1. Hey, could you check region 219-261 for residues that are surrounded by fewer than 21 Cβ atoms within 10 Å (Cβ to Cβ), farther than 19 Å from GLN99 by Cα and more than 11 Å from ligand 1 (Cβ to nearest atom) and say which is nearest to the chain's Cα centre (by Cα)?
2. Taking LEU120 as the residue in question, decide whether it is within 16 Å of ligand 1 (Cβ to nearest atom), under 30 Å from GLU196 (Cα atoms) and either modelled with pLDDT of 95 or more or touching a Gly at 6+ places or on another chain (Cβ under 8 Å) (or both).
3. Can you tell me which residue is farthest from GLU150 (Cα to Cα) among those in region 368-409 that are of a type in the set (Asp, Glu) and touching a strand residue (DSSP E or B) at 6+ places or on another chain (Cβ under 9 Å)?
4. Quick check on region 365-379: of everything there that is under 14 Å from GLY415 (Cα atoms) and not charged (D, E, K, R), which residue is nearest to the chain's Cα centre (by Cα)?
5. Determine whether region 150-157 contains at least one residue that is in contact with a helix residue (DSSP H, G or I) (Cβ under 6 Å, 6 or more places away or on another chain), surrounded by fewer than 19 Cβ atoms within 10 Å (Cβ to Cβ) and aliphatic (A, V, I, L, M).
6. Within region 198-210, is there a residue that is surrounded by fewer than 19 Cβ atoms within 10 Å (Cβ to Cβ) and either more than 16 Å from ligand 1 (Cβ to nearest atom) or closer than 30 Å to PRO306 by Cα (or both)?
7. Quick one: is VAL248 under 25 Å from ILE330 (Cα atoms) and within 16 Å of ligand 2 (Cβ to nearest atom)?
8. From GLY313, GLY326, GLY415, which residue is out of contact with any Lys or Arg (no Cβ under 6 Å at 6 or more places or on another chain) and on the phi > 0 side of the Ramachandran plot?
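The values are calculated or read from the model by the stated rules, or taken from the named source; none is laboratory data. No experiment lies behind these values; they were computed from the predicted model shown. Here Cβ is always computed from backbone atoms with ideal geometry, including for glycine, and neighbour counts include all displayed protein chains.
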Amino acid sequence: MSDELKSSRRAFLKGGAAATAGIAAAGAAGAAEGPDPLITELQDWASLTGDGVDATPYGLPIEFESDVIRRNVEWLTADTISSINFTPIHALDGTITPQGCAFERHHSGAIELAKEDYRLMINGLVDTPLVFTYADLERFPRENHVYFCECAANTGMEWAGAQLNGAQFTHGMIHNMEYTGVPLRTLLAEAGLPAETAGKWVYVEGADASSNGRSIPMEKALDDVLVAFKANGEALRKEHGYPVRLVVPGWEGNMWVKWLRRVEVMDGPVESREETSKYTDTLEDGTSRKWTWAMDAKSVVTSPSPQAPITHGPGPLVITGLAWSGNGAITRVDVSTDGGMNWTQARLAQPGQKMALSRFYLEIDWDGSEMLLQSRAMDDTGYVQPTKEQLREVRGLNSIYHNNCIQTWWVRETGEAENVEVS
Ligand code: MTE
Ligand code: CO
C-alpha cells in the first residue's frame, strides 16, 4: 500500500470514528466503548429461519425503505383528477427509476384499460387507415431503449425564487426507464405514408377523458418515437398508460401520450390546448415561445440535499446527482461547493447515453464548513446548463415550464441543506 493510500485510509477511519461518536451522542446506538453486540451476540436472523420463498410472489421494498416513495406538494394537487406527484430522486441511486416510485401526471385521472379492450387507430393522410389490437402490436419487431421522461413543469415553481425544499419536489417530475416497444415509423409504414412526408405532422391522443392531444412533426415521428408497452421489463403500470403509451425521446413529458388510442397523419399541427395555452412560455414582452419540445440540458445534486442531509462528520463525502439532456448525451458535469465561483469536474458513472439520465459522483474531503452546492451539465451539442440569472435574462419571470437552471443547495455545518438562490 502506498503512503498516500495509507494516509487516506487513516483519514477515512478517523472520519468513521467521528461519525460513530456522533450517532452515540444522539442516542441511536449503544455505547461507543466496549464490544459491539451486533458482532459478539447471536442475532435472531442468524439463529431462526427467515421467510420462505412464497412470502412475496410480487415484492415490495423492505419496510426500512418505506420512505422512498412518491410525494405530493399539497397546493399543486388540486384533486385526484388533475394531479402530479414526484419521484424520490434524493433517495435513489444509479439511473433507472423503479416504476413503483416514478412520478405520475394525469389531467383526468388514471384510467383502467384492459389489453383486450385496447385499440390503436392510425388514420388521416395514409394509404390505408388501420386499427391495431394489443396482440397485433406484439407481432411487430421491437426495440429496447432507456429514456428519461421529464414534465415540462419540472422545476417550474422555482422561477420567482427558491421555493420547494427538496430535490424530489424541485426536480422529481422525471423518471428514466428502459422501454420496450414498436417504432412509430413501423406502424406508419404499415398504414402507408404519402410520398412526400416533409411538412407533415402526426396528431396523437390518449383514451382518457383529457385525451392530451399533441402534434408532433413527422420528422420526429419517423425518427425515434416508440409505441411502448413495457417499462423496465414489465408491463406499464396503469398510471403510466397501461397497456400502451407513446415515448418521445428527449421531448417534454406532455407529448408522451398515455393510453395511446389514435395517431392521425395531418398537413399541419392542430394547435391543441396542450400546445398553445399550456406548455408554452410567455416572455417579458408578452409574446410566447411555442414548439419548445426538447428538454434542454439540466442537472441536480440529489445528495446531499434538503431531504438527504449529511449524517456524518468531516472527512470523505460522496456528492452525487443526475444530469440529462433532451438534445443528446451528457458529456460532462461540474460541481461547485462555493455557489459557482469554482468548479470541479465530477465523475460520470457511465458514458452519457442519448436522452437518458446520467449519474455523476464527486468524492470530496469535506472540511465540515458550509457549502453552496451546485451542479452544471454539458451535452454533446456543446450546450452548458445556464444559471438562474442567465435563464431569467432571456426568459423573464412569466414562465412556468422549461426551467433548466442551475440549482443551489445551502449545506450547513450540521449537514442540513436548504433550497436557496445565489446572485
Ligand atoms: N397522456 C394522457 N393520455 N393523459 C395525461 O394526463 N399527462 C402527460 C403525459 N401524457 C397525460 C399524458 C404529462 S403532462 C406528462 S408529464 C406525462 O404524461 C407523465 O407521464 P407519467 O404519468 O408516466 O409520469
Ligand atoms: Co407534464
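1. ASP224
2. Considered against the rule, which asks whether it is within 16 Å of ligand 1 (Cβ to nearest atom), under 30 Å from GLU196 (Cα atoms) and either modelled with pLDDT of 95 or more or touching a Gly at 6+ places or on another chain (Cβ under 8 Å) (or both), LEU120 comes out as yes.
3. GLU370
4. In this case the residue turns out to be LEU373.
5. no
6. Checking region 198-210: at least one residue is surrounded by fewer than 19 Cβ atoms within 10 Å (Cβ to Cβ) and either more than 16 Å from ligand 1 (Cβ to nearest atom) or closer than 30 Å to PRO306 by Cα (or both).
7. Here the answer is yes, as VAL248 does meet what is asked.
8. GLY415
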